[in-house]
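None of the figures in this text is laboratory data; all of them are computed from the coordinates on show. Because the structure is predicted, anything quoted here is derived from the model rather than measured. In this analysis, Cβ positions are derived from the backbone assuming ideal geometry, glycine residues included, and neighbour counts consider all displayed protein chains.
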Amino acid sequence: MKLPLFIAQRYLLAKKSHNLINIVTWISIVSVAVAAFAMIFVLSIFNGFNVVISDNIHKMSPDLQITSVKGKTVNVNDFPFDKIREIKNVELVLPTITEDALFRNHDKQQIGQIKGVPPEFHQVSRIDKSIIKSGHFGTNADVDCAIPGVVMAYYLGINTNNPFSMIQVYVPRRGNASSFNLENSFNTGQLLVNQTFSTLQEIDETTILAPYDWLSELVGYEGLASDVEIFIKQDDRVSARRVEKVKREVMKIIGPEYNVNDQYEQQSTLYKMMKSEKLAVYLILVFILVMATFNVVGSLSMLIIEKKKDSSTIRAMGGDNSLIRRIFTNEGLIISVVGGIIGLILGIIAVLLQQYVGIIRLGDGTGSYIVEYYPVALQLQDVFLVLATITIIGGIAAFSTVKVSMRQFLH
């Protein structure tokens, strides 16, 4: 062990002449540990919410979405569906139509989006699991059926237990923007509702699923689609590597005339917002850590004064100011790192307990939430980030304190 680190370690463990210095030193370690605990636990909570949101987006979103670079629609008659289906791990390739619409149920109405999907859409297991109430999407007794999100159904006052629950759909008529009369500016249709779906709130409160052929006829999209959705074969969850590989092969087939977006790119604004929120919280926690480091500054300053005679002895034995500076800088680093490691260990234990046992509930336990307990997800990169942050801030604090204190007390 190098001499400065060896002496710094002895200073940390040895009993001081003034018991107050020992107390302040341990307060410094505890304060850094609390800050490290808060950092890893709060960052893990953000990771947990990101996982929950991503999982709910994954339920209804395709693994890849193909849209036209020029124009709003894709010509399904010329699109190479068969070639894409031949790609390894591709499960389904489906055209869909998405259109803004006005929905009405008796005296209630709501603006949102209607999405036309083929009957094969329900074959995707994660989508079928999101549908509430038994049955399959499609037609019922020759009546076209819709599946609204649970929040949209609430807004419209839809009772899915009512076998005659119907909604009216108004979509803008293509090529007619000159009149505000409903009859002239909108095409209208009716859909039976006996099911709902539940994924992410932003989707649940704006979207209604409808049969592809019915919506195609209503909006005048014969032979056209808003986009083409690709679903990839999965075990528990589609890996990002598999999606990227399929994406590259799809782009080779369709060429530059189309955009191919994965789920991150489809919801890029939401994911960027989540990253920004995590970054903001991290910076707030760093500020708290800086405040906790002032205890390290205080204890290190007191120790430098306490060991003034030792410093004179080291000089008499041939040591210089550089050696003394490294001893006390290492002392400050040890205090910060020891506190950080203790806090990280306790934080990791708390995160694992929350993840597998459940300690902190969402609300008082009586509300209706997607998850019952605060979701957490421990990421190794966060552990290294917290430890690196503590080491850097502790190192800066120790170096600055030693430099100023030596100029005042050990010159």
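Miscellaneous remarks
- Extension gain, Phe81 to Ile288: 0.36 nm times the residue separation minus the Cα-Cα distance gives 69.0 nm.
- Residues whose amide H comes within less than 5 Å of that of Leu64, counting only those at least five positions distant or on another chain, are Ile230 (H built at 1.01 Å from N in the peptide plane).
- Subset of Lys59/Lys275; Lys72/Lys275; Lys59/Lys272; Lys72/Lys278; Lys59/Lys245 violating a 23 Å alpha-carbon distance limit: Lys72/Lys275; Lys72/Lys278
- Label zone (Lys233, point 7 Å along Cα-to-C-beta; backbone nitrogen cut-off 16 Å) within the stretch 68-101: 84-93.
- Net lengthening on full extension, Phe384/Lys245 (0.36 nm per residue, minus Cα-Cα): 47.1 nm
- Extension gain for Ser125 to Glu372 (0.36 nm times residue separation, less C-alpha to C-alpha distance): 86.6 nm.
- Derived scalar couplings ³J(HN,Hα) [the stretch 276-286; Karplus, 6.51 cos²θ - 1.76 cosθ + 1.60; whole Hz; x for Gly, Pro]: 5, 5, 5, 4, 4, 5, 4, 5, 5, 5, 5
- Nearest-0.05 FRET efficiency for Ala280 and Glu222, computed from C-beta distance (R0 45 Å): 0.40
- For the peptides 348-358, 224-234, the ranking by mean Cβ contacts within 10 Å, running from highest to lowest, is 224-234, 348-358.
- Descending semi-axes in whole angstrom, ellipsoid equivalent of the stretch 21-134, from the Cα gyration tensor: 48, 22, 15
- Protection proxy ranking, highest mean first, for peptides 288-297, 257-266: 288-297, 257-266, where packing is the per-residue count of other beta-carbon atoms within 10 Å, averaged.
- Long-range amide H partners of Ile132 with built H, under 5 Å: Thr196, Phe197, Ser198
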